[in-house]
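Report on the following structure.
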Amino acid sequence: MKPKQVPYIFIPYPAFLAECDELTPQEKAVLLFLMSSTYRNWNPSYRELAAKLSLGNSTIKRAITKLQLLGFITASVSIHGETYKNKVNQYRVNLKNPAEWCPTLDLKTSIERCYELNGSPVPVFSYVYLDNKTLAEDFERALSTGEIRRTRAVPVSMVDKILSSTLPIELRLEFEEKKFRAVNIWRACRDFIEWLEIKKDYISGEQVERLKDIFISENLDGERRTVLRETLLNKTAAEFLAVVETEREKSQAERDKKLSPS
């Protein structure tokens, strides 16, 4: 008797994804189909995905964007304009590589609990979203620009520091996004005090001092920055800017003296 042929393959689908509130049923269906496609070495276009799943192209586009922001897939795909509909894309499903995931904190907790209940090693994440709002902001930005980027995600190592701060999460995230450390010290001081002058009308005096403390710990440590530290803590913004300029000129003069021939 000829063995019966089973016309499907079994796709292991993690339990935490079945219960994941961050994904809609349509987005879960797209992920499951891409997992199945991976097993068959097939990279469908948006139009093929839409036809197979009976979903609109825009729904497929949104699903691909969300899944990539959360790190469950990596897609070599353009989500900009109309040309994406017929393009055959390259998809990589990352479910066996949790280091590439970027869950929200709530989803991170669900994932860790799921692994613990199964007696499996808990995944190690690189980035997370602090809440659904920040994920939604990146999602809408990606759809409007056509470029999928995690601009609101934060390193896992920063989570406790951010949450333990007396500052609102939104304010701390905005501070982090300014990347004051990415520029030279003089530019960092000017940019910070100008930003703080705008913010201080909307936040408490305690929060202003907390922001100054964070800026000092990250930018003005050491004996060379004593004057800048004391001025930032005790003087007005105008006085601080004047001292910044004075210290910058002094530093430049010292540098020029070292470079000039004896």
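The values are calculated or read from the model by the stated rules, or taken from the named source; none is laboratory data. Bear in mind that the values here come from a model prediction, so they are computed numbers and not experimental data. Methodologically, a virtual Cβ is constructed for each residue, glycine included, from the backbone with ideal geometry; neighbour enumeration extends over all protein chains shown. The area values use the complete protein model at the heavy-atom level, side chains included, leaving out ligands, DNA and RNA. Shrake-Rupley method; radii C 1.70, N 1.55, O 1.52, S 1.80 Å.
Stick to Cα atoms and the Kirkwood definition of Rh, then tell me Rg/Rh for the stretch 200-256. If you can, show how the numbers build up before the last one.
Values: Rg = 12.8 Å, Rh = 12.3 Å.
In the stretch 200-256, Rg relative to Rh is 1.04.
With a 1.4 Å probe and all protein chains left in place, how much accessible area per residue does the chain have, in Å²?
Using a 1.4 Å probe on heavy atoms only, each residue of the chain averages 58 Å².
Report for the chain the percent antiparallel among DSSP-assigned beta bridges with both residues inside it, nearest 5.
Values: 7 of 8 bridges.
Beta bridges within the chain, antiparallel portion: roughly 90 percent.
With θ set to phi - 60°, apply the Karplus curve 6.51 cos²θ - 1.76 cosθ + 1.60 along the stretch 214-224 and write out the HN-Hα couplings as whole Hz, x wherever there is a Gly or Pro.
Once θ is set to phi - 60°, the couplings for the stretch 214-224 become 5, 4, 4, 5, 9, 10, 10, 7, x, 5, 4 Hz.
Out of the total accessible area of the stretch 159-262 (probe 1.4 Å, heavy atoms of protein only), what percent is carbon and sulfur?
49
5 Å is the cut-off here: which amide hydrogens, built 1.01 Å from N in the peptide plane, fall below it relative to Ile73, excluding neighbours closer than 5 in sequence?
Hits under the 5 Å cutoff: Gln68, Asn94.
Grab the DSSP H runs of the chain that are 4 residues or longer, score each as -39,500 (n - 2.57), total them, divide by all residues and round the 222 nm result to the nearest 500 deg cm²/dmol.
-17500 deg cm²/dmol
Near Glu206, within a Cβ-to-Cβ distance under 12 Å, what is the net charge of the other residues, with Lys and Arg +1 and Asp and Glu -1?
After counting each charged neighbour, the total is +1.
May I ask you to give the percent of accessible area on the stretch 17-136 that is carbon plus sulfur, with a probe radius of 1.4 Å?
50
For Glu100, what charge total do you get from the other residues with a beta carbon under 12 Å from its beta carbon, if Lys and Arg give +1 and Asp and Glu give -1?
Neighbour charge sum, excluding Glu100 itself: +3.
Along its principal axes, what span do the Cα atoms of the chain show, with the longest given first and each in whole Å?
97, 42, 42
What list of ³J(HN,Hα) values in whole Hz, one per residue of the stretch 47-62 in order, does the Karplus curve 6.51 cos²θ - 1.76 cosθ + 1.60 (θ = phi - 60°) give from phi, with Gly and Pro shown as x?
5, 5, 4, 4, 5, 5, 9, 6, 10, x, 4, 5, 5, 4, 4, 5
For Ser260 and Ser36 in the same chain, what is the full-extension length gain: residue separation times 0.36 nm, less their Cα-Cα distance, in nm?
Length gained between Ser260 and Ser36: 73.8 nm.
Report the calculated FRET efficiency for Thr226 and Arg248 (r = Cβ-Cβ distance, R0 = 22 Å), to the nearest 0.05.
My answer for the efficiency is 0.90.
When all alpha-carbon pairs of the stretch 89-152 are counted, what percent fall beyond 20 Å?
37
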